[in-house]
Amino acid sequence: MDIQRDGEVQNEFLACQIEHASSICHDREQALEELAGFRRDLAAQAASHQLLVGGVGTAPMAAPWPPELTDNERYRQIGNFLSGIATEHYVCGLHVHVSIPDPQSGVMALNFLRGWLPFLCALGENSPYWKGADSSFSSWRTIHSRQWSVQGIPPYFKDYEDYSARLERINGMPAVLDSGHIGWAARLSDKYPTIEVRVADSQLRAQDSVLLAVLMRGLVDTAVAGKHPPAEYLPEILDLSLWQSAKHGTSGAQVDTETGRFASVEDLAGRMLRRIEHALKAHGDYEFAVISLRNLLEAGNGAVRQRAAFDQGGILHLLANAHAEMQV
């Protein structure tokens, strides 16, 4: 397929996956226009080849034989290194880069984000089905990704010097092929002056991707402003909270990362909006975030909508619906 769009379009790890890296977007309108336009073009070209394409976090169905890897030297190295894990890598995520003024500010943002990553995971879950069956998780991608050597919520870092030293140590270990294997749910980019938030699944709709990006930018900007220092999160509570989010998504209780007690999705959504209100308003995003988040909680995230489509007509209806949502 030849899709001419802003940004970059290329094959991902598996030949059946496509990656779209947008251009630098300065506001949500630009992001929505670019992402929605790309997705409409992709859906149209797929249909012209009698194919369906969807923004899903895991493969609802897959062939019984091993997948074809993209013909790329690095991907071949990963395939050889990970072997059985690589042949099961039918997973797709939403990666959002948020600009930071300097690496030290990025570490501040990482520390602050740690407590919110499980809730962002819950909002962005869109991978309940795996090879023809319901996994019973809202984000099977999150659970499946735990097989990689460096995963989950990043640890606390004292400062950028601490971050750099520990990353250098990790990258020197034989269980880590290269820096791309640092698969934390958020990390500093080693290519751009950004923090990369990687906790959400690929989304059914462009609108939901942009909502998540707006919330992530609000959290990063709030952290950089230094008005809300991070709580002293217990790593075991963060890990359990991420697992709980992957299990239930927006359809069940979450673990409050500050207290370790259960909290409702609505309570956490309200707390997040209050915490990042100033940052959202600075970009003109507050009303959009409030309305879009309310709509997402009422209609359900991608996992909820995938299950609703499956209940209406099985896997084939789910796939057709995912293809249709690419064009919304």
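Every test in (1) charged (D, E, K, R); (2) free of Cβ contacts under 8 Å to residues at least 40 places away in the same chain; (3) within 15 Å of S209 (Cβ to Cβ) is passed by R28 save one, and that test is (2).
Look at region 133-144: where a residue is touching a residue at least 60 places away in the same chain (Cβ under 8 Å) and a partner is among the β-branched types (V, I, T) and outside any loop (DSSP other than H, G, I, E, B), sitting 6+ places away or on another chain with Cβ atoms under 7 Å, you get F137/I143; W140/T58; R141/T58; R141/V91; H144/T58; H144/V91. The lone criterion from (1) farther than 22 Å from V56 by Cα; (2) surrounded by 15 or more Cβ atoms within 10 Å (Cβ to Cβ) left unmet by H248 is number (1). Condition (residue is among the basic types (K, R) and either touching a residue at least 12 places away in the same chain (Cβ under 8 Å) or in contact with a Gly (Cβ under 7 Å, 6 or more places away or on another chain) (or both)) applied to region 75-82: is it met by at least one residue? No - not one qualifying residue is present in region 75-82. Taken residue by residue, region 221-229 has at least one member that is under 19 Å from L293 (Cβ atoms), touching a residue at least 24 places away in the same chain (Cβ under 8 Å), in contact with a His (Cβ under 9 Å, 6 or more places away or on another chain) and outside any loop (DSSP other than H, G, I, E, B).
When the residues of region 206-238 are filtered to those that are of a type outside the set (A, V, I, L, M) and surrounded by 21 or more Cβ atoms within 10 Å (Cβ to Cβ), the one that is farthest from the chain's Cα centre (by Cα) is T222. Just a yes or no: is a residue in region 224-240 aromatic (F, W, Y) and closer than 22 Å to A322 by Cα? So far as region 224-240 goes, no, none of its residues is aromatic (F, W, Y) and closer than 22 Å to A322 by Cα.
Table: residues versus (1) basic (K, R); (2) touching a residue at least 60 places away in the same chain (Cβ under 8 Å); (3) closer than 23 Å to L219 by Cα.
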position	(1), (2), (3)
S241	no, yes, yes
E266	no, no, yes
M272	no, yes, yes
H283	no, yes, yes
E298	no, no, yes
A322	no, yes, no
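For region 70-107, the set of residues classified as surrounded by fewer than 19 Cβ atoms within 10 Å (Cβ to Cβ) and outside any helix (DSSP H, G or I) consists of T70, D71, N72, S83, G84, I85, H95, S99, P101, D102, listed by residue number. Residues that are surrounded by fewer than 15 Cβ atoms within 10 Å (Cβ to Cβ) and either at pLDDT below 95 or closer than 20 Å to W140 by Cα (or both) do occur in region 301-312.
The values are calculated or read from the model by the stated rules, or taken from the named source; none is laboratory data. Since we're looking at a predicted model, the values are computed, not measured. Ideal geometry is used to build each Cβ from the backbone, glycine not excepted, and the neighbour counts take in all protein chains shown.
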